[in-house]
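Everything below concerns the one structure shown next.
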Amino acid sequence: MGRFLLHRLLRALLAAWAIISVIFLLSRAGAQERPPASRLAEGSLSATTASPVQRRQAGQLQQRRLGLTGPLFYVSAAPAPAAGLGWRWHWNGRANQYHQWLRRLVHANLGVSFRDGQPVTLLLGQSLRYTLPLTVGAAVCSIGLVWLVAPHLGRPSWRRRFLLGLFFVVDAVPLFVVALLLLLLLANPDALAWFPAYGLGPEDAAAPWPVRLQALAYHLALPLLTLTLASLPALAVPLDAALRHELRADYVLTARAKGLPDSLVIRHHALRNALLPALTLLTELLPGLVAGSVVVELVYSLPGMGRLLAEAAAAHDYPVLLGGVLLIALVRLLGQLLADWLYTLADPRIRLPV
Amino acid sequence: MKRYLLGLGCLLGLSVCSSPTPNHADTVRIRWARDPENLDPLVLPNAQAVETTNLLHCSLLTVDYAQKKFVPWLAETMPTVRRTDSLTLVTYRLRPEAAWDNGQPILASDVAFTLKVMSCPGLPNEAARAQFAFIESIQLDSLDRRRFTLAFRGKSPDLVQASGDYPILAEHQLDPRGQLRHISLAALRADTVQATPRRSASVTAFARGYAQKNLGRHPENLPGSGPYVLKEWRAGRHVLLQRKKQWWGDRVPAAPPQLRAHPKTLDYQIITDDATALLALRRGDIDVYPMMPAKEFVRLRQNQKAGDLAFYTADSYEMLAAGFNMRQPALRDALTRQAFSHLFDIPGLIQASQQGLAYPSVSLVSPTAGPLYNDSLPLLTFDPQKAQALLTQAGWTRNSQGWTRHPAGAAPQRLEPTFSYRAGEPAYEAVALQFRAAAAKIGIQVQPRPMEASLFSQQLRAGRLEIYLQSLSGNPFVYNFAPILHSQSTGWGNFTGFGTATTDQLIEAIAAEEDPARQAQLLRKFQRVLRQDCPLVVLYFLRYRLAAARRLTNLHVTGIRPGYEAAAIKSQPAGAVRP
């Protein structure tokens, strides 16, 4: 088991390195064509005192300060010689952007944001502070609700039909529509203004933690409800299919023959076996917890991870974008690793090849 | 199950009943759509950062929104201007009351220091460096520590205004050891990043010290001369500014409007989604909602329940224009571009996409600019028949395959232009669809191409687009079209490829002209040239829309961004408000 985990861990790290390297090279290759010059915005007739040449120079100087000049990789295509047959490769040595970035990465330095000069690790940490309570809370609520409705799944009844119908409807509605509907229903002065419309409210560091926790719960209630509703079908519908399969098994028949009520048969016997396919969902769930939800964070104005990455992508803030992608990729790979391990725990008959 | 539901209900009930209800009597809460991101006065990446910096730091001059002109701020009066053969000399004197928070007077040496910081290598000042590079030197008055003279080449009145439009930084805060004092402005300008070995140790030490202050995220490390201090900034959530109890502006006798700051607290709430911001306004969570989408603005204004809100509009200098890339073979001749300009149903678009809250113009000058606007030119008409006639005149012939022409010595051309725009903007999409429908009626197949913003910019710079939509922003002070229409800006702001020696000279003459009457003549001529050559079509100028709590007055709603003057806002007592 130990050898297996070590092997998979090494493979996961290699995969993460490959993913992030490709993204680095693709993003930086595009960046070389886009010299930013914030104050000298395009389409502005106000930035008039700078001549076109000065504007160009400003962009080039900014590129240089951000480390976007110089060779991108160890090799680059050299101009074809006049009498040559085609491309020639030019060796750039270690003085290239990729090498510098990789060296910093090995030292756990993800660089600084192009926008505000803050360390990327700090920005990611701050965003996770807002994202994790939301996504973990939503995951716990979803799993709890699935646990509650599980006895009504898998066997024909009007409750199952109703629940499945509801899940399919919720699943068919786009997430932003769910978020806006909840806002209009529960944070609207014309309907029910029970919850705040946005944000996390004023933060009083001096307040005792139960008060702060309550304020957080109050402000996160609608985003939490949105995410919970959105993630319920993804958990409940496969579980229903798995339960239907399990409820036809002999051991369920035996349990019923012993006189156990249906809810106990499902909770104590069938559910455990039906959960096995659900372990695969871990690979989706864990990165989702870290990546946050762009839509929910935008609608409810929460400064979480999804919004950070979306804004970083729009602003070409590559260090932040790469840091976020690296984190999500690592968590996804770790999720796969964890799922493999949990399989062996849930069903000892499963053998994992090294 | 019942126990769970009961517990959940209790928790929600408790939360609702005990929701925090902060006191907002002295606070003005304003909606922002995005975070300022960086509050380093040298960087200022967006309008939110500019707005905040203008409340934390004073410049020599500022804009009087009501009169739409520059007025003195730190400067005692508007500067005196003298000309020599080659130089313009602008002399300022700082107000005697102007002082930093510790009581030290703001002196001419602080202005000299600011110019040096804006030119110092190793700092994130590339944009400021380019923008204020026109100031060649500063001469301090040996007898009056508040008087100084700036020298620059060029005679444009815009340069005089620009010479006083940057936040003045405190030398004693940023450079207590005087590391830059003995280095001339010219030496700093000559130094570059490439010349690092030549850079003196003091410049390097200063740059390091500046970086350590981390002003981008901690502007409180550099107290400014403005009326507010940053009390709290939670990135992506809100920015809280507090009025200084003792601000130098309060000591100025008979203080002009620009030296008055009324709200005790300004709380900028960052609400990314428009629909959420609208709900927040209606709930009373925010007091001011600037740049409200037209549809929501009109709907809310018509809603009788919105009695506690007041609605304002102002003619802005922000316009939507359709550009024609003249480097593309099909769009190279003016007649074809003129033909396309008649396929825009501008009144219909203003009504459909802006709910009537926009106004047409013959060109890049706002119709509100008085004599500068060429009112002898007719507004563009929606006339597909005329478009067909112009196309025929341009050598195009219509057949079963559409419009084609066979220029001598060149490959045959088909008229099937692409129409590109930034995706996610309903107003852009409305224009694209209307244009496509109008073109289809005369047999031209137009391909709308919505694009992700950065891809759109990249393609625009590379000159790969044919017809495109772009927002342009101007102001009432400056008429310099070089950034978007000068041939030197081609590919770098000028995406139409417009520009000949004659038009370049005309653009330069407009920018340099001192005499208003002569400048008006030149501007009217330029508008005629643009109509004739048709590199772009101005579809409409926007009207800024702002909704605010009725208890707020004196917002100075204006067509210049951000569209209001936060420091001027006054709050009426609750009983005095009448719907």
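The values are calculated or read from the model by the stated rules, or taken from the named source; none is laboratory data. What you see is a predicted model; the values in this text were computed from it and never measured. Please note: Cβ atoms are built from the backbone with ideal geometry, for glycine as well, and neighbour counts cover all protein chains shown. The accessibility values were calculated without ligands, DNA or RNA, using every heavy atom of the protein model including side chains. Shrake-Rupley method; radii C 1.70, N 1.55, O 1.52, S 1.80 Å.
Worth a mention:
- Taken over the range B:480-534, the residue count meeting the criterion of being at the interface with another protein chain (Cβ under 8 Å from one of its Cβ atoms), among the hydroxyl-bearing types (Ser, Thr, Tyr) and not in a helix (DSSP H, G or I) is 0.
- Just so you know, in the range B:62-99 the residues that are in contact with a strand residue (DSSP E or B) (Cβ under 6 Å, 6 or more places away or on another chain), open to solvent by 60 Å² or more (accessible area, probe 1.4 Å) and hydrophobic (A, V, I, L, M, F, W, C) include one that is farthest from B:VAL557 (Cα to Cα), and it is B:VAL81.
- Residues satisfying the stated conditions in the range A:182-195, i.e. at the interface with chain B (Cβ under 7 Å from one of its Cβ atoms) and either within 15 Å of A:LEU225 (Cα to Cα) or crowded, with 21+ Cβ neighbours inside 10 Å (or both): A:LEU183, A:ALA187, A:TRP194
- Meets criteria (under 15 Å from the mean Cα position of the chain (by Cα), open to solvent by 30 Å² or more (accessible area, probe 1.4 Å) and among the basic types (Lys, Arg)) for A:ARG129: yes
- Scanning the range B:299-336 for residues that are open to solvent by less than 10 Å² (accessible area, probe 1.4 Å), closer than 17 Å to B:LEU469 by Cβ and over 24 Å from the mean Cα position of the chain (by Cα) returns B:ASN325, B:LEU331.
- Of the residues in the range B:255-276, at least one is part of a helix (DSSP H, G or I), within 11 Å of chain A (Cβ to nearest Cβ) and open to solvent by less than 40 Å² (accessible area, probe 1.4 Å).
- Of all the residues in the range B:126-151, those that are open to solvent by 20 Å² or more (accessible area, probe 1.4 Å) and closer than 20 Å to B:THR91 by Cβ number 14.
- Residue match in the range A:123-131 (condition: touching a residue at least 60 places away in the same chain (Cβ under 8 Å), assigned to a helix (DSSP H, G or I) and more than 14 Å from every other protein chain (Cβ to nearest Cβ)): no
- For the range A:239-260, taking the residues that are among the basic types (Lys, Arg) and farther than 19 Å from A:LEU163 by Cα, the one that is farthest from the chain's Cα centre (by Cα) is identified as A:LYS258.
- Residue within the range A:245-252 that is within 14 Å of chain B (Cβ to nearest Cβ) and either surrounded by 14 or more Cβ atoms within 10 Å (Cβ to Cβ) or touching a residue at least 12 places away in the same chain (Cβ under 8 Å) (or both) present: no
- Cβ pairs under 8 Å, 6+ apart, first in the range A:134-160 and away from chain B (no Cβ under 12 Å), second open to solvent by 20 Å² or more (accessible area, probe 1.4 Å) and charged (D, E, K, R): A:LEU153/A:ARG160; A:GLY154/A:ARG160; A:GLY154/A:ARG244; A:GLY154/A:GLU246; A:ARG155/A:ARG244; A:ARG155/A:ASP262
- Residue check for B:ALA567: assigned to a helix (DSSP H, G or I), among the small types (Gly, Ala, Ser) and open to solvent by 30 Å² or more (accessible area, probe 1.4 Å): no
- Some residue of the range A:336-349 being buried (at least 24 other Cβ atoms within 10 Å of the Cβ) and of a type in the set (Asp, Glu): no
- Single match in A:LEU110, A:LEU102, A:LEU163 (criterion: at negative phi, in a helix (DSSP H, G or I) and either of a type in the set (Val, Ile, Thr) or under 27 Å from the mean Cα position of the chain (by Cα) (or both)): A:LEU102
- Note on the range B:1-115: no enclosed strands (runs of 3 or more DSSP E) hold 3 or more residues that are within 14 Å of chain A (Cβ to nearest Cβ), over 18 Å from the mean Cα position of the chain (by Cα) and modelled with pLDDT of 95 or more.
- Counted residues, the range B:208-254 - those being closer than 16 Å to B:GLU171 by Cα, of a type in the set (A, V, I, L, M) and open to solvent by 40 Å² or more (accessible area, probe 1.4 Å): 1
- Residue list for the range B:279-298, restricted to those being more than 9 Å from chain A (Cβ to nearest Cβ) and either open to solvent by 30 Å² or more (accessible area, probe 1.4 Å) or within 21 Å of the chain's Cα centre (by Cα) (or both): B:VAL288, B:TYR289, B:PRO290, B:MET291, B:MET292, B:PRO293, B:ALA294, B:LYS295, B:GLU296
- Entirely in the range B:373-428, the strands (runs of 3 or more DSSP E) that have 1 or more residues that are within 30 Å of B:GLU296 (Cβ to Cβ) and touching a strand residue (DSSP E or B) at 6+ places or on another chain (Cβ under 6 Å): B:418-422
- Checked against the criterion of being modelled with pLDDT of 95 or more and either among the hydroxyl-bearing types (Ser, Thr, Tyr) or in the same structural domain as B:VAL43 (by TED's automatic domain parsing) (or both), the candidates B:SER202, B:SER225 yield just one match: B:SER225.
- Test result for B:ARG234, facing another protein chain (nearest Cβ under 10 Å) and either of a type in the set (Ser, Thr, Tyr) or free of Cβ contacts under 8 Å to residues at least 24 places away in the same chain (or both): yes
- When residues of the range B:129-148 are limited to those that are within 13 Å of chain A (Cβ to nearest Cβ) and assigned to a strand (DSSP E or B), the one nearest to B:PRO167 (Cα to Cα): B:ILE135
- Summed over the range A:274-298, the residues that are open to solvent by less than 30 Å² (accessible area, probe 1.4 Å) and either under 17 Å from the mean Cα position of the chain (by Cα) or among the hydroxyl-bearing types (Ser, Thr, Tyr) (or both) give a count of 9.
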